[in-house]
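A.B. asks: Attaching a single structure in structure tokens format; questions to follow.
The values are calculated or read from the model by the stated rules, or taken from the named source; none is laboratory data. Bear in mind the structure is a predicted one, so any value in this text is a computation, not a measurement. Ideal geometry is used to build each Cβ from the backbone, glycine not excepted, and the neighbour counts take in all protein chains shown.
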């Protein structure tokens, strides 16, 4: 729950550069890489916390919350923000062991990572 609320505050109250700096600092505290199962548990915890939030929580908020949850337990995942064209779309997600977690296995139009922490 704390990671979810932290993600909301970071993204809504601070400039993106400050949020990215906070995410980098959180990742430095994570001592070992997360397994896919550990990353999926972070996603489950994030989804549970989001059910109590009365406002909008899209992929940016949700992925940062999962990233912070994993970091709080000392596990490092990658927080990715990316885009694709035709039509233009942006998306945010987490990766463990170089693979997206909780995302479609074979997207028809993959996103290009523009920010990875």
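A.B. asks: Which pairs have Cβ atoms under 7 Å, sit 6 or more apart or on different chains, and link a residue in the stretch 59-78 that is on the phi < 0 side of the Ramachandran plot and free of Cβ contacts under 8 Å to residues at least 40 places away in the same chain to one that is part of a loop (DSSP other than H, G, I, E, B) and surrounded by fewer than 22 Cβ atoms within 10 Å (Cβ to Cβ)?
C.D. replies: So the pair list comes out as 78/117.
A.B. asks: A further question on this structure: Given the structure, is residue 3 under 13 Å from the mean Cα position of the chain (by Cα) and modelled with pLDDT under 95?
C.D. replies: yes
A.B. asks: Look through the stretch 31-47, keep the residues that are farther than 16 Å from residue 98 by Cβ and touching a strand residue (DSSP E or B) at 6+ places or on another chain (Cβ under 8 Å), and return whichever of them is surrounded by the most Cβ atoms within 10 Å (Cβ to Cβ).
C.D. replies: Per the criteria, the residue is 42.
A.B. asks: How many of the residues making up the stretch 65-88 are assigned to a strand (DSSP E or B) and at pLDDT 95 or above?
C.D. replies: Of the stretch 65-88, the ones assigned to a strand (DSSP E or B) are 75-76, 78-84.
Remaining after also requiring at pLDDT 95 or above: 75-76, 78-83.
Residues flagged as assigned to a strand (DSSP E or B) and at pLDDT 95 or above within the stretch 65-88 amount to 8.
A.B. asks: Looking at (1) closer than 15 Å to residue 117 by Cα; (2) touching a helix residue (DSSP H, G or I) at 6+ places or on another chain (Cβ under 7 Å); (3) at pLDDT 95 or above, find the lone condition where residue 30 falls short.
C.D. replies: Failed condition: (3).
A.B. asks: State whether the residues of the stretch 101-117 include one that is under 23 Å from residue 24 (Cα atoms), out of contact with any strand residue (DSSP E or B) (no Cβ under 7 Å at 6 or more places or on another chain) and assigned to a strand (DSSP E or B).
C.D. replies: no
A.B. asks: Scan the stretch 91-117 for residues that are over 16 Å from residue 39 (Cβ atoms) and touching a residue at least 12 places away in the same chain (Cβ under 8 Å) and jot them down.
C.D. replies: Passing the criteria: 91, 109, 110, 111, 112, 113, 114, 115.
A.B. asks: For the stretch 48-58, indicate whether the set of residues that are modelled with pLDDT of 95 or more, touching a helix residue (DSSP H, G or I) at 6+ places or on another chain (Cβ under 7 Å) and either buried (at least 19 other Cβ atoms within 10 Å of the Cβ) or over 18 Å from residue 117 (Cβ atoms) (or both) is non-empty.
C.D. replies: no
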